[in-house]
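Derivation of every value follows stated rules applied to the coordinates shown; laboratory data play no part. All values reported here derive from a predicted model rather than from experimental measurement. All Cβ positions, glycine included, derive from the backbone under ideal geometry; neighbour counts span all protein chains shown.
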Amino acid sequence: MKELGVEVLSISTDSRFSHKIWNEDELSKMVEGGIPFPMLSDQGGRIGRAYGVYDKAAGVDIRGRFLIDPDGIIQAMEVLTPAVGRNPDELIRQIKAFQHVRATGEVTPSGWEPGQATLTPGPDLVGKVWMAWKPE
Amino acid sequence: MTTARVGEKAPDFKASAYVAGEGFKNLKLSDYEGQWVVLCFYPGDFTYV
């Protein structure tokens, strides 16, 4: 994430005190030096409500991930119920694709990875996507 | 209240945070304008997944 120039913020309804102890006692044993990014506290779920991820019955924020561009616009989101963890590879792919689109104005087809062909939208491409791109 | 949608402005917020090596801090999402941000909600510290 550092290499991609992306700031990560994690957030849960736990207190900042809980974050500190969790980082020091457990996470630092999983990741050397502990978690390098800010761990935000959303006690009461006010922020989770604004993002549509607050579970009122359980009193927690469910697993929601939001990719926000330098203009503060949400470009991508993914929301999962608690039992399934995320796939960072797909997040990284999306970051690279959105950064490419922002830099070039091109668009990226399904499953695009850096280095693969992109599409340039315009009248000439209508009905001709099949010539430029096929699903694998 | 604003609701998060793709293609629209991310709702700004203030939050207290723990930052390893720095201690406790108050942050705003708008502090990060001009940068890409991944905001990750999760259900709780010390849980399994």
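What is the angle, in °, between the Cα long axis of helix A:88-104 and the longest principal axis of the Cα atoms in chain A? Nearest 10 is fine, range 0 to 90.
With both axes taken from Cα atoms, the answer is about 50 degrees.
Once you've got the GNM for chain A with C-alpha springs shorter than 10 Å, pick whichever of A:Met30, A:Met77, A:Met39 has the biggest mean-square fluctuation.
A:Met30
Averaged over peptide A:21-29, how many Cβ atoms belonging to another chain are found within 10 Å of each residue's Cβ?
Mean number of neighbouring Cβ atoms from other chains: 2.
Amide H of B:Phe13: which non-local residues (sequence gap of 5 or more, or other chain) have their own amide H closer than 5 Å, using H built in the peptide plane?
Amide H neighbours of B:Phe13, under 5 Å, 5+ apart: B:Leu29, B:Ser30.
Which residue, chosen from A:Ser28, A:Val8, A:Tyr54, occupies the Cα position most advanced towards the positive end of the dipole of chain A, where the dipole is computed from +1 (Lys, Arg) and -1 (Asp, Glu) charges on Cβ about the Cα centre?
Highest projection toward the positive end goes to A:Tyr54.
Whats the longest run of chain B with zero chymotrypsin sites (Phe, Trp or Tyr not before Pro) that are DSSP loop and have at most 16 other Cβ atoms within 10 Å?
B:1-45
222 nm [θ] for the protein assembly as shown, helices only, -39500 (n - 2.57) per DSSP H run of 4+, per residue, to 500?
Calculated mean residue ellipticity at 222 nm is -5000 deg cm²/dmol.
Around A:Pro38, what is the net charge, scoring Lys/Arg as +1 and Asp/Glu as -1 over all other residues with Cβ under 13 Å from its Cβ?
+1
Counting other Cβ atoms within 10 Å, keep those with at most 16, restrict to DSSP loop, and tell me which trypsin sites (Lys or Arg not before Pro) in chain B are left.
Sites meeting the loop and neighbour criteria: B:Arg5.
What whole number of Å gives the distance from the Cα centroid of the stretch B:5-27 to the Cα centroid of the stretch A:1-58?
10
Would you please give the residues with an amide H less than 5 Å from that of A:Asp61, counting only those at least 5 places away or on a separate chain, with H modeled from the backbone geometry?
A:Thr13, A:Asp55
Which of the pairs A:Lys2/A:Lys134; A:Lys2/B:Lys28; A:Lys56/B:Lys25; A:Lys20/A:Lys96; A:Lys96/A:Lys134; A:Lys20/B:Lys28 have their Cα atoms more than 24 Å apart in this structure?
Among A:Lys2/A:Lys134; A:Lys2/B:Lys28; A:Lys56/B:Lys25; A:Lys20/A:Lys96; A:Lys96/A:Lys134; A:Lys20/B:Lys28, the Cα-Cα distance tops 24 Å for A:Lys2/A:Lys134; A:Lys56/B:Lys25; A:Lys20/A:Lys96.
What is the local net charge at A:Glu78, summed over the other residues whose Cβ is closer than 15 Å to its Cβ (Lys, Arg +1; Asp, Glu -1)?
Counting the neighbours of A:Glu78, the net charge comes to +2.
Shielding by partners for A:84-93, please: the mean number of other protein chain Cβ atoms within 10 Å of each residue's Cβ.
Rounded to a whole number, the mean comes out at 1.
Taking the Kirkwood radius as the inverse of the mean 1/r across Cα pairs, report the Rg/Rh of the protein assembly as shown.
Looking at the protein assembly as shown, the ratio lands at 1.02.
Please identify the GluC sites (Glu not before Pro) of the stretch A:1-63 that satisfy two criteria: DSSP loop assignment and at most 14 other Cβ atoms within 10 Å. Which are they?
A:Glu3, A:Glu32
Please check chain A for the longest run free of trypsin sites (Lys or Arg not before Pro) that are loop-located per DSSP (anything but H, G, I, E, B) and have at most 15 other Cβ atoms within 10 Å.
My reading of the result: A:3-55 is the longest stretch.
Could you work out, residue by residue across A:105-118, how many beta carbons of other chains sit within 10 Å of that residue's beta carbon, and then give the average as an integer?
For this peptide, the per-residue mean of nearby foreign Cβ atoms is 0.
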